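The values are calculated or read from the model by the stated rules, or taken from the named source; none is laboratory data. Model, not experiment: these values are computed from the prediction. Positions of Cβ are generated from backbone atoms using ideal geometry, with glycine treated the same way; all protein chains shown enter the neighbour counts.
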Amino acid sequence: MSWIKKIYPFNAEQTVNIASEFGPLVALFVVNAITGNVEDGTWALIIATFLAIIAMQLVLKRLPIFPLIASGVTVVFGILTLVTHDPFWVQVKVTMFNAAFAIFLFVGLFMKKNFFKYIFEKTFHYTQKGWDQFTWSFAWFFVATAIANEVVRQVYAPGHIYHVFGFEMDGVNVWILFKVALIMPASGAYAWLLTRIMQKHRLPDAEIERKDAVAAVATAVPVAHKKAAPDATPAS
């Protein structure tokens, strides 16, 4: 295995999968951080989601579920912020969405419906135990980020000036800095580390090939049966 593969264990298809699922969220937070404008961030998320849809349709032949859900929620809370001129809505959205998504993952696991397995199983091949551990870990990560977001939102109130790293910042800007400088890198590092750990749950190549063959047979267009040839056996 090359050193590049050790550092970045994803192939091209897996890269498109990951970028399409989480790229729009990155665009949202980056643009918010640069412009400080909720409307700009919302537009960035919508545009990135459309690009993700095109990329995934071309490469993976399916729609990006996570960005579609996140964009819908973000647009609603973004509109509320624009209408009320109160950043409360776009800030509390993160708490509510992350907490709700964590509950969704927990309920799915309880009902034997693994969400991450459903959206990633075509490009990542893990055992059922591996998928369950992956989803449990991410569910608790969403719980932790929801709590962290709410703490920062409560401590650093909009309209108040705070001294952070030698700079004077409004409470909303402190929250944006928290999202971009801490939560985003932490999320990326956590996903990378968890994916590396999950390699021990990777299915053997023979099992992957068997599953791919079964899937190909299941999705293939039925072939018309040939007309049976006359029986050449001489009559007795």
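In the list Glu150, Glu168, which residue meets the criterion of being modelled with pLDDT of 90 or more and more than 20 Å from the chain's Cα centre (by Cα)?
Exactly one residue qualifies, and that residue is Glu150.
Please specify each residue of segment 87-113 satisfying the condition of being part of a loop (DSSP other than H, G, I, E, B) and in contact (Cβ under 8 Å) with a residue 60 or more places away in the chain.
Result: Pro87, single match.
Restricting the first residue to segment 188-205 and requiring it to be under 11 Å from Lys129 (Cα atoms), which pairs with a second residue that is polar (S, T, N, Q) meet a Cβ separation below 6 Å and a spacing of at least six or different chains?
Close Cβ pairs satisfying both conditions: His201/Thr127.
Give the residue that is nearest to Val26 (Cα to Cα), with candidates limited to residues of segment 165-186 that are in contact with a Leu (Cβ under 9 Å, 6 or more places away or on another chain) and surrounded by 13 or more Cβ atoms within 10 Å (Cβ to Cβ).
Met184
When you look at Thr145, is it within 17 Å of Phe178 (Cβ to Cβ), in contact with a Lys or Arg (Cβ under 8 Å, 6 or more places away or on another chain) and at pLDDT 90 or above, yes or no?
For Thr145, the condition - within 17 Å of Phe178 (Cβ to Cβ), in contact with a Lys or Arg (Cβ under 8 Å, 6 or more places away or on another chain) and at pLDDT 90 or above - is not met.
For segment 155-179, how many residues meet the condition of being outside any helix (DSSP H, G or I) and either touching a strand residue (DSSP E or B) at 6+ places or on another chain (Cβ under 9 Å) or among the aliphatic types (A, V, I, L, M) (or both)?
Looking only at that region, the number is 12.
Can you tell me which residue is farthest from Ala148 (Cα to Cα) among those in segment 74-103 that are exposed (fewer than 15 other Cβ atoms within 10 Å of the Cβ) and within 20 Å of the chain's Cα centre (by Cα)?
Result: Val76.
Suppose the filter is in a helix (DSSP H, G or I), touching a Leu at 6+ places or on another chain (Cβ under 7 Å) and within 24 Å of Trp192 (Cβ to Cβ); does Phe116 pass it?
Working: in a helix (DSSP H, G or I): yes; touching a Leu at 6+ places or on another chain (Cβ under 7 Å): no; within 24 Å of Trp192 (Cβ to Cβ): yes.
In short, no.
Looking at Lys129 and the list (1) over 19 Å from Thr74 (Cβ atoms); (2) within 14 Å of the chain's Cα centre (by Cα), which single condition is not satisfied?
Checking Lys129 against (1) over 19 Å from Thr74 (Cβ atoms); (2) within 14 Å of the chain's Cα centre (by Cα), the one that fails is (2).
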